[in-house]
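Just so it is clear, none of the values below were taken in a lab; they were calculated from the coordinates. Just so we're clear, the structure is a prediction, and the values are computed from it rather than from any experiment. Here the Cβ positions follow ideal geometry from the backbone for every residue, glycine too, while neighbour counts run over all protein chains shown.
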C-alpha cells in the first residue's frame, strides 16, 4: 500500500507539474515555443520525447537519452552528436549474478519507464548503466553497456526492487549505488511544492541492502552524483532550490548552497565540475524577477565540488525555447539540455 501511494504521489505531482502554467503576474500567458532550429546562441533539436536525463557514451559520440514516462516502445535512445539523429537502443536479456539483488531474476525488456540514469565503470572494467524505472515494478534496472559495431547496446543484468520510488542514481565501482527518494515520506494530501522535506537519499549494496543516509531529509531530493573517491555525494534539492554536499564517510552534510532556481539532474563536466540545470519555478512559486511563465525559464550553473563555488553558464532570459528543463550535460565544448516533457532538446556552446 505504501509503495502504491508513493508512486501515485510521485506521478501525480509530475503530471500536475507538466500541465501547470506558472504565471509571475496576472494576465501573463504561455507563449508558443520557438520553431526547432538555431536561435541566437541556442539550437533546438526535435524528434525525441521527454528527454529527462542524459549520459555520454565512452567514445564521446552519442548521448544516451532517457525518455521519461510510459507510452513509448523505445524508452531509451542513442542521440548521434554528429548527425543529430535519434536511434532506439537495443536491449538484450543477459542476467548475471552480482548486478543487483539476487531475488530479481526476470527482465521487463523494453517496458522500462526510465527516469534518472548513471553510467560508470566497474572495478572489473565493465561499463555499468543503471536506470531508475517506474513501470511494471519500482526498481533500479542494471545493464551493461556494450559496443555494437560503431554503436552501443544494453544487456540487462539484473535489478533491485525499490520500496519507495527513486528519482536519480549514482552507481559506484563495486556495483552499489546512491539514489534519491523524493517522496519517501510525502503523505497523501501533502504539497510537494511546499519546500518542506519530502524525501531522503539512500545507499544500496548487495550485502546490506538499502540504508537511508541520515541528514538527507530535504525538499524533493532530485539529482545525485558521487565523487570518484566515493567519499562525497552531491544532491540537488528541487523544491528547495539548493545544492547539498554530503560526506558519505561521516554521514553528514558538509555544504549547502542556495541556487535560486529548481535544480533537477546533476552531471559531471569533462574537467570534473558539476552542471546543474532546472526551471526557474513552478506552481506559482516563481521568483519575483523571473520569466513569465517560469516553467519555460531555466538556468544552467557550474558548481566546483571542492569549494561549492557556483557560476552561471546559461540563462534562457525569457525566451520560449523549451519547457520543463531537467538536465544539462557537456560534450566537446557543447552543452545539451533535456526536459521531463515535450519533444525537444537544446544545445548551446560553452
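Which whole-number percent gives the relative contact order of the range 216-343, counting Cα pairs below 8 Å spaced six or more residues apart? Display every interim value, and only then the final one.
Details: 311 pairs, mean separation 21.9, N = 128.
The normalised contact order for the range 216-343 reaches 17 percent.
Below 8 Å between Cα atoms, with a sequence gap of 6+, how large is the relative contact order for the chain in percent?
On the way: 956 pairs, mean separation 59.2, N = 350.
Taking the mean separation of contacting Cα pairs over the length of the chain, I get 17 percent.
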Highest GNM mean-square fluctuation, the chain, Cα pairs closer than 10 Å: which of 333, 52, 144?
333
At 0.36 nm per residue, and after removing the present C-alpha to C-alpha distance, how many nm does the segment from residue 97 to residue 190 gain when stretched out fully?
29.5 nm
Give, in nm to one decimal, the length gained when the segment between residue 46 and residue 212 is fully stretched (0.36 nm per residue of separation minus the Cα-Cα distance).
55.9 nm
Using Cα springs under 10 Å in a Gaussian network model of the chain, which residue among 214, 305, 95 shows the largest mean-square fluctuation?
214
Can you give me the Cα centroid spacing of the range 76-139 and the range 159-214 in angstrom?
18
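Full-extension gain between residue 146 and residue 110, please, as 0.36 nm times their residue separation minus the C-alpha to C-alpha distance. Kindly include the intermediate steps, with their values, before the conclusion.
Numbers: separation 36, 0.36 × 36 = 12.96 nm, distance 1.68 nm.
Result: 11.3 nm gained on full extension.
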Relative contact order [Cα under 8 Å, 6+ residues apart], the range 150-258, whole percent:
19
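At a Förster distance of 30 Å, what's the computed FRET efficiency of residue 229 paired with residue 258, Cβ-Cβ distance as r, to 0.05?
Working: r = 26 Å, r/R0 = 0.87.
The value I calculate is 0.70.
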Here are a few candidate values for Rg and Dmax of the Cα atoms in Å: (1) 20.5, 72; (2) 20.6, 65; (3) 18.7, 58. Which one was actually calculated from the structure I just gave you?
(3)
What is the antiparallel percent of DSSP beta bridges lying wholly in the chain, to the nearest 5?
95
Name the residue, out of 191, 222, 167, whose mean-square fluctuation peaks in a Gaussian network model built on the chain with Cα pairs under 10 Å.
191
